[in-house]
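*Asks:* I have a structure I would like to understand better, so I am pasting it below and will then ask my questions one at a time.
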Amino acid sequence: NLIFAIEHNDERLIPAYALDSLGKPIPVIQNVLTIFNGKKSVWAIAAWFASINGWLGGITPIEAISSNPEGITAAAMAEVSSAEHG
């Protein structure tokens, strides 16, 4: 659960935003994968990262990776909580 990959045209693609400048997984990705484990497909997780998020002030999690990783974790937890209770 350190990273995720999308299968497309028989290729495994890892999103560049999920890696730091040395090619290592960014820790917040692991947090989100742990939170979404068994609740979202890989494609749904990729879409979540690319979608505008109200918990992040109207920006995408991709845009918040370097500036607000704690906010991304909180937004993922809110997403799961609202799905479980709504």
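*Asks:* Within the set of pairs 6+ apart or on separate chains, which have a first residue in the range 32-53 that is farther than 20 Å from P69 by Cα, a second that is modelled with pLDDT under 95 and open to solvent by less than 60 Å² (accessible area, probe 1.4 Å), and C-beta atoms under 7 Å apart?
*Replies:* From the range 32-53, the pairs are K39/V80; W43/I6.
*Asks:* Something else about it: Look at F49 and say whether it is at pLDDT 95 or above and among the aromatic types (F, W, Y).
*Replies:* Yes, satisfied.
*Asks:* Can you give me the ranges of the helices (runs of 4 or more DSSP H) entirely in the chain with at least 2 residues that are surrounded by fewer than 16 Cβ atoms within 10 Å (Cβ to Cβ)?
*Replies:* Because the criterion is at least 2 residues that are surrounded by fewer than 16 Cβ atoms within 10 Å (Cβ to Cβ), the helices (runs of 4 or more DSSP H) in the chain that meet it are 27-36, 42-50, 69-85.
*Asks:* Here is a check on your reading of the model: is I26 closer than 16 Å to F4 by Cβ, under 9 Å from the mean Cα position of the chain (by Cα) and in contact (Cβ under 8 Å) with a residue 12 or more places away in the chain?
*Replies:* It is false that I26 is closer than 16 Å to F4 by Cβ, under 9 Å from the mean Cα position of the chain (by Cα) and in contact (Cβ under 8 Å) with a residue 12 or more places away in the chain.
The values are calculated or read from the model by the stated rules, or taken from the named source; none is laboratory data. Everything numeric in this text was worked out from a predicted model, so none of it was measured. Positions of Cβ are generated from backbone atoms using ideal geometry, with glycine treated the same way; all protein chains shown enter the neighbour counts. Side chains included, ligands, DNA and RNA excluded: accessible areas come from the protein's heavy atoms. Shrake-Rupley method; radii C 1.70, N 1.55, O 1.52, S 1.80 Å.
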